[in-house]
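Undergrad: Encoded as structure tokens, here's the structure I'll be asking about.
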Amino acid sequence: METLINRFLSYVKIDTQSDPNSKTTPSTEKQWNLATELAYELERIGLRDVTIDDHAYIMATLPSNIEKEVPVIGFISHFDTSPDFNGTDINPRIINNYDGKDIILNEAQNIILSPDYFEDLLQYKGQTLITTDGTTLLGADDKAGITEIVTAMEYLVQHPEIKHGKIRVAFTPDEEIGRGAHKFDVEKFGADWAYTMDGSQIGELEYENFNAASAKVVITGKSVHPGYAKGKMVNSITIANEFIGILPPEETPQNTTGREGFFHVHHIKGEIEHTEFEMIIRDHNKERFEERKKLLLKITEKLNSMYGPCIHLELKDQYFNMREKVEPVMHIVEIAKEAMVEIGITPIVKPIRGGTDGSQLSFMGLPCPNIFAGGHNFHGKYEYVPVESMQKAVEVIIKICELTATKKYET
Ligand SMILES: [Zn+2]
């Protein structure tokens, strides 16, 4: 447990925030600071073919230690942290034997991590928690995942009596800005399937995510003196209002959960002659997803026929539900489930209300479900991770390697 904690602390102390406004990969120079360290570490623990490319993607191999041919599997995490909250000068705090009460993160600023608000805390009573000091995020997303993969690989190197096939490992930059998979060389990685270690609480196992699109609506109006505007003025603000008013009012983020999809208008600016707004469209179901996009086209058509061609709609697909790529190879989910059950964890299988690098990778030809890394309250000052959950994630990785080598699965 000591090694695990120290390894995790050494990663989170290095600031690796990504930047959505940057055009380079990695998006920030500072991500190299941890990336180069990680490449050295992978060599140090005994992995082979350690490579780090021009965009800071790291790959490495744990060679097979058995005779027969079994599927090559991979484990993937990202080393950047979210740009949503301060990620500089992280001073983690370690709470031993958590007593189930309020944790004062920062006395001076009265920042408290309380189970009254964050009920999940109570399931970790008696465990060791790593928290922030209230002024930064922690970066367990996803340095917990990296810690777990490195620790599991080190364990397998040191315990050749555990039999496994060829295992590939990859660490990527820029996941938090949606670009972790963009420059991922799936062919070079050469795995039959992989798992991202990037979920939250212990037991999480995900292979469904949203289908996602974005829409930009630009409305051009006509300004005329309001006293003499009858039959002449076209007010783009009121047309925007009409457009948004036609969208089903119950299908918004604040009214939906589980597999329910939504429209989410998140940005609007306007004056009489020019109003534009942006929205995102989300649905797990492919047909309903397509229907949602069609509805926007229909509204555009309808209002254009009423007010003249004043609306321009721009629709862009963002990512798709990996379920359709994972379902044909469901054994990859079954192995992960079985691994969890064997080490005493109840799998929590649920659809992600978002996307993952794994969904993009799945569509690039590498089916890639997501497994818990253990942390909670990502992207903010209340982020924390129980060390016991990280330990269990290490065991899940080892068990998956073992099961893949011993089971007979069609690939
Ligand atoms: Zn993450």
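The values are calculated or read from the model by the stated rules, or taken from the named source; none is laboratory data. Everything numeric here is computed off the predicted structure, so don't read it as measured data. Glycine gets a Cβ as well: all are built from the backbone with ideal geometry, and neighbour counts include every protein chain shown.
Undergrad: Would you tally the residues in segment 1-56 being under 17 Å from Pro173 (Cα atoms) and among the basic types (Lys, Arg)?
TA: Total satisfying the criteria: 3.
Undergrad: Next question. Pick from Ile149, Ile167: which is among the β-branched types (Val, Ile, Thr), under 30 Å from Leu122 (Cα atoms) and at pLDDT 95 or above?
TA: Answer to the check: Ile149.
Undergrad: State yes or no: is Asp120 within 16 Å of the ligand (Cβ to nearest atom), of a type in the set (Asp, Glu) and closer than 24 Å to Ser77 by Cβ?
TA: Criteria not met by Asp120.
Undergrad: Regarding segment 52-73, can at least one residue be identified that is part of a helix (DSSP H, G or I), touching a residue at least 60 places away in the same chain (Cβ under 8 Å) and out of contact with any Cys (no Cβ under 6 Å at 6 or more places or on another chain)?
TA: Checking segment 52-73: not a single residue is part of a helix (DSSP H, G or I), touching a residue at least 60 places away in the same chain (Cβ under 8 Å) and out of contact with any Cys (no Cβ under 6 Å at 6 or more places or on another chain).
Undergrad: Under the condition of being away from the ligand (no atom under 15 Å from the Cβ) and of a type in the set (D, E, K, R), which residue from segment 375-391 is surrounded by the most Cβ atoms within 10 Å (Cβ to Cβ)?
TA: Lys381
Undergrad: Can you confirm whether Glu161 is more than 14 Å from the ligand (Cβ to nearest atom) and among the acidic types (Asp, Glu)?
TA: So Glu161 passes the test.
Undergrad: Sticking with this structure for a sec: Report the residue count in segment 289-307 for those that are out of contact with any strand residue (DSSP E or B) (no Cβ under 7 Å at 6 or more places or on another chain) and surrounded by fewer than 19 Cβ atoms within 10 Å (Cβ to Cβ).
TA: Adding up the residues that qualify gives 9.
Undergrad: For segment 314-363, which fully contained helices (runs of 4 or more DSSP H) count at least 3 residues that are surrounded by 15 or more Cβ atoms within 10 Å (Cβ to Cβ), outside the structural domain of Val265 (by TED's automatic domain parsing) and in contact with an Asp or Glu (Cβ under 9 Å, 6 or more places away or on another chain)?
TA: 331-342, 357-363
Undergrad: Within segment 44-93, which residues are more than 16 Å from the ligand (Cβ to nearest atom) and among the acidic types (Asp, Glu)?
TA: Those that are more than 16 Å from the ligand (Cβ to nearest atom) and among the acidic types (Asp, Glu): Asp49, Asp53, Asp54, Glu67, Glu69, Asp89.
Per-residue answers, yes or no, for (1) in contact with a Phe, Trp or Tyr (Cβ under 7 Å, 6 or more places away or on another chain); (2) modelled with pLDDT under 95; (3) assigned to a helix (DSSP H, G or I); (4) farther than 21 Å from Phe85 by Cα:
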site: Cys368; (1), (2), (3), (4): yes, no, no, yes
site: Ile371; (1), (2), (3), (4): yes, no, no, yes
site: Phe378; (1), (2), (3), (4): no, yes, no, no
site: Tyr382; (1), (2), (3), (4): yes, no, no, no
site: Gln391; (1), (2), (3), (4): no, no, yes, yes
site: Val396; (1), (2), (3), (4): no, no, yes, yes
site: Thr404; (1), (2), (3), (4): no, no, yes, yes
site: Glu410; (1), (2), (3), (4): no, yes, no, yes
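Undergrad: Please go through segment 333-348 and give me each residue that is touching a residue at least 60 places away in the same chain (Cβ under 8 Å) and either among the hydroxyl-bearing types (Ser, Thr, Tyr) or within 27 Å of Gly190 (Cα to Cα) (or both), ordered by number.
TA: Within segment 333-348, Val333, Ile335, Ala336, Lys337, Glu338, Ala339, Met340, Thr346 meet the criteria.
Undergrad: (1) within 19 Å of Glu208 (Cβ to Cβ); (2) touching a residue at least 24 places away in the same chain (Cβ under 8 Å); (3) of a type outside the set (Gly, Ala, Ser): which one isn't true of Met330, the others all being true?
TA: (2)
Undergrad: For Glu383, are the conditions met, namely being under 16 Å from the mean Cα position of the chain (by Cα) and of a type in the set (Asp, Glu)?
TA: The answer is yes for Glu383.
Undergrad: Six or more apart or on different chains, Cβ under 6 Å: which pairs go from a residue in segment 128-141 that's within 12 Å of the ligand (Cβ to nearest atom) to one that's among the aliphatic types (A, V, I, L, M)? Could you list them?
TA: Between residues of segment 128-141 that are within 12 Å of the ligand (Cβ to nearest atom) and residues that are among the aliphatic types (A, V, I, L, M), the close pairs are Gly139/Val12; Ala140/Val385.
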